[in-house]
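Structure record follows, encoded as structure tokens.
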Amino acid sequence: MQRVCFLLKVKADRLVEYTQRHQAVWPDMLDALSRHGWHNYSLFLGNDGLLVGYLETPDFDRAVAGMQSEEINARWQAEMAPFFETLDSGAADTSLLTLTEVFHLA
């Protein structure tokens, strides 16, 4: 299982609403994430807007590509894009800054 950690930056004036939106993620979106191998997926948000994501998946590239084939993901990404400071690709899920794992205690 591949462990993936990534960073994004939420706009300071959107932190509360971003958090609220994630308390009610659409059921179809949750189903799509699970179907495409996004397991143990968590998001952590700092007061400065730093968003840290973590997930486990058999193949991260395949997990991202699978979500790209989902209409529900396109709608979710379009709604969430205005929450972020900078998105290289215009969508959060394809603008992730992934980190290199340097240590893991099993």
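Would you mind stating whether residue 49 is within 21 Å of residue 13 (Cα to Cα), surrounded by 13 or more Cβ atoms within 10 Å (Cβ to Cβ) and in contact (Cβ under 8 Å) with a residue 12 or more places away in the chain? Here the answer is yes, as residue 49 does meet what is asked. Taken as a whole, the condition of being over 17 Å from residue 79 (Cα atoms) and among the β-branched types (Val, Ile, Thr) does not apply to residue 19. Would you call residue 42 under 12 Å from the mean Cα position of the chain (by Cα) and exposed (fewer than 11 other Cβ atoms within 10 Å of the Cβ)? When the stated conditions are applied, residue 42 passes them. What do you reckon, is residue 37 of a type outside the set (Ser, Thr, Tyr) and in contact with a Pro (Cβ under 9 Å, 6 or more places away or on another chain)? Spelling it out, residue 37 is indeed of a type outside the set (Ser, Thr, Tyr) and in contact with a Pro (Cβ under 9 Å, 6 or more places away or on another chain).
Which of the following residues is without any contact (Cβ under 8 Å) to a residue 60 or more places away in the chain and among the acidic types (Asp, Glu): 56, 17, 85, 101? Exactly one of 56, 17, 85, 101 is without any contact (Cβ under 8 Å) to a residue 60 or more places away in the chain and among the acidic types (Asp, Glu), namely 56. Entry remark, segment 63-73: residues being surrounded by 13 or more Cβ atoms within 10 Å (Cβ to Cβ) and not β-branched (Val, Ile, Thr) number 6 in total.
Any read-out appearing in this document is the output of simple, stated calculations on the displayed coordinates, not a laboratory observation. Note that the coordinates shown come from a computational prediction; the quantities given were computed from them, not determined experimentally. Counting neighbours? That spans all protein chains shown, and the Cβs are built from the backbone with ideal geometry, glycine included.
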